[in-house]
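This structure is in structure tokens; I'll ask about it shortly.
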Amino acid sequence: MEYRFARRMKHAPKSFLEELFRVSRDPEIISFAGGLPASDLIDVKGISRAAGDVLEEGGREALQYSTTDGYLPLREYIASRYRKRYNIPADASEIQIVNGSQQCLDLAAKIFLDPGDGIGIERPGYLGAAEAFSLYEPEFYPVSLGGDGPDIEEFSAMIRDFSPKFFYGIPNSQNPSGVSYSSDTRKAVAECLDDSDTVFYEDDAFGELFFDGKPRSPVKKHLFRQTIMSGSFSKIISPGLRIGWLFAPAGILKEFNVAKQAADLHSNFLSQKILSRYLERTDIDSNLRAICRRYGDNCRLMCDLLDDLFPSPMSHTHPQGGMFMMATLPPKMSSMKVFSEGIKEKVAVLPGIPFYVNGGGEDTIRLNFSSAGQDQIREGLERLSTVIRRLV
Ligand SMILES: Cc1ncc(COP(=O)(O)O)c(C=O)c1O
């Protein structure tokens, strides 16, 4: 028989990443291709204690079905952190818990998009978002991302000409580039959208990971009722708990909640309760300082090595936070070739191509600096520079 899949599956990018990740699983390979937080900074003991307490004190409740919007004390915690950190008027009623912030991408697309509807996205943009949105058959309108955020002229022309349903952006330490919007760009983006019907989808997966520990003002602060903001515990506590959230105006959250209920009734309640108990008794800011210090040190080392070891026409971004940076290879060099030659030298990088939804990016690579140790970074970049010098 022939499997008769839905038309939308034709629009799903058949990612070559699976193959790349398979190849780079060889334990001898030093990989900068993945995107995992540092495993040794996950507080296994603290989470284990919280899990034990939750199960002992109220195991039957924690193992039952629960409400779609999520565990109220956890939503209150998230809202209070927004108030404290960003001085924005967040209320628990505006927070919906999701199964990792990746789920926000799917559900936001589900409630906003009919086939052919427009969405704006940064160029390069987060691959996981493009994959999630593609299943709803949208038209993508990419806007070039510079060192300060999206090109504002391009951005405003795109909003004016195509009026996309939403613009998806990552103002803090973007994946894949590591770029953060400047404060002027944040204001300009909000101003451009202010008199439009385009929602700003602010993905804030990395907002707590600035190396200097200082919060940057969200676009939502300038465009409160028109912005939906997703957040996640994945990079700050543990991705395996699969807990993220959406912070959105009531009118949007109502529809989002309907889609969430239809998708999975609610997010893992046990995870929510463990996380909530863990947060009650943990100085999360001290954990975050350790994470930011590590990632900052790794990032600076990577930037120095890229400057010292690599041929001069090569350039790279200078992240202020997060887990990724992007490098542009010497002219005409193919990132796919760098990938395949790199595997022979036991070093893996991620070609930038899939981050460019409408094509391009052949001469770019994404480098992750959160998971490798400093010795591995030194050795891995030595190997990579050998590959690139050979290909010049
Ligand atoms: C920019 C961005 N958004 C969302 C996600 C999804 O993360 P999670 O579902 O673990 O919250 C990721 C994962 O790497 C990401 O890089």
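The values are calculated or read from the model by the stated rules, or taken from the named source; none is laboratory data. Bear in mind that the values here come from a model prediction, so they are computed numbers and not experimental data. Neighbour counts run over all protein chains shown; Cβ positions are idealised from the backbone, glycine included. What goes into the accessible areas is simple: the full protein's heavy atoms, side chains included, and nothing from ligands, DNA or RNA. Shrake-Rupley method; radii C 1.70, N 1.55, O 1.52, S 1.80 Å.
Any chance you could run the full-extension gain for E191 through L270? It's 0.36 nm times the residue separation minus the Cα-Cα distance, nm to one decimal.
24.3 nm
Follow-up. Take the Cβ-Cβ distance between E76 and K332 as r, set R0 to 51 Å, and report the resulting FRET efficiency rounded to the nearest 0.05.
0.40
Using all C-alpha to C-alpha distances in the range 60-117, build P(r) with 5 Å bins and read off the rounded percent in each one.
4, 16, 18, 19, 19, 12, 8, 3, 1, 0
Let me ask something additional. Between the range 60-135 and the range 282-314, what is the C-alpha centre distance in whole Å?
Here the answer is 28 Å between Cα centres.
Another question, then. Compute the relative contact order of the chain as a whole-number percentage, counting only Cα pairs closer than 8 Å that sit 6 or more residues apart in sequence.
Relative contact order here is 23 percent.
Quick one: divide the alpha-carbon radius of gyration of the range 1-148 by 2.2 N^0.38 Å and tell me what you get.
In units of the 2.2 N^0.38 Å rule of thumb, it is 1.39.
Sticking with this one: Before I look further, what does the chain give for accessible area per residue, probe 1.4 Å, in whole square angstrom?
On a per-residue basis, the chain sits at 45 Å².
Obtain the nm distance between the two label points defined at R390 and M1 by a simple spin-label model: each point lies 7 Å from its Cα along the Cα-to-C-beta direction.
It is 5.0 nm.
Give me the accessible area of V392, 1.4 Å probe, in Å² rounded to the nearest 10.
110 Å²
Same structure, new question: Quick check: with the 1.4 Å probe, what order do R186, R22 take by accessible area, largest first?
Highest to lowest solvent-accessible surface, that is R22, R186.
For the range 246-339, compute Rh as the Kirkwood radius over C-alpha pairs and then the Stokes-Einstein diffusion coefficient at 20 °C and 1.002 mPa s; write the answer in µm²/s, rounded to an integer.
119 µm²/s
OK, next. With the calculation restricted to Cα positions, what are the radius of gyration and Dmax of the range 169-327 in angstrom?
Here Rg and the maximum Cα pair distance are 18.0, 54 Å.
Translational diffusion coefficient of the range 273-392 at 25 °C, 0.890 mPa s, Stokes-Einstein with Kirkwood Rh over Cα pairs, in µm²/s as a whole number.
157 µm²/s
Heads up, I need the accessible area for T328: 1.4 angstrom probe, whole protein in place, Å², nearest 10.
Probe radius 1.4 Å; accessible area of T328 about 50 Å².
Stretched out fully, how many nm does the piece from I88 to A262 gain, at 0.36 nm a residue minus the Cα gap?
Computed gain between I88 and A262 is 59.6 nm.
Give me the number: length gained by fully extending D184 to D40, i.e. 0.36 nm times residue separation minus the C-alpha to C-alpha distance, one decimal in nm.
Difference between extended and current length: 48.2 nm.
Same structure, new question: So what is the orientation-averaged projected area of the range 98-151, using the convex hull of its C-alpha atoms, in nm²?
4.0 nm²
Continuing with this model, one more query. With runs of 4+ DSSP H residues as the only contributors, calculate the mean residue ellipticity of the chain at 222 nm using -39,500 (n - 2.57) per run, divided by the residue total and rounded to the nearest 500.
About -14000 deg cm²/dmol.
Moving to a separate point now. Hey, any idea what the orientation-averaged projected area of the convex hull of the range 206-271's Cα atoms comes to, in nm²?
Convex hull of Cα atoms, orientation-averaged projection: 5.5 nm².
Could you look at the chain and say what percent of its accessible area is carbon and sulfur, using a 1.4 Å probe and all protein chains?
For the chain, the apolar C and S fraction of the accessible surface comes to 50 percent.
Next up: For E379, E137, E202, E28, give the ranking by accessible area with the largest first, probe 1.4 Å.
Order by accessible area, largest first: E28, E379, E137, E202.
Over the C-alpha atoms of the chain, what are the Rg and the largest Cα-to-Cα span, Dmax, in Å?
For the chain, the Cα-based Rg and Dmax read 21.0, 63 Å.
Please list the helices of the chain that count as membrane-span-like by this rule: a mean Kyte-Doolittle hydropathy of at least -0.5 together with Cα atoms stretching 18 Å or more along the helix axis, each helix being a complete DSSP H run.
Passing helices, by number: 44-62, 250-264, 269-281, 284-309.
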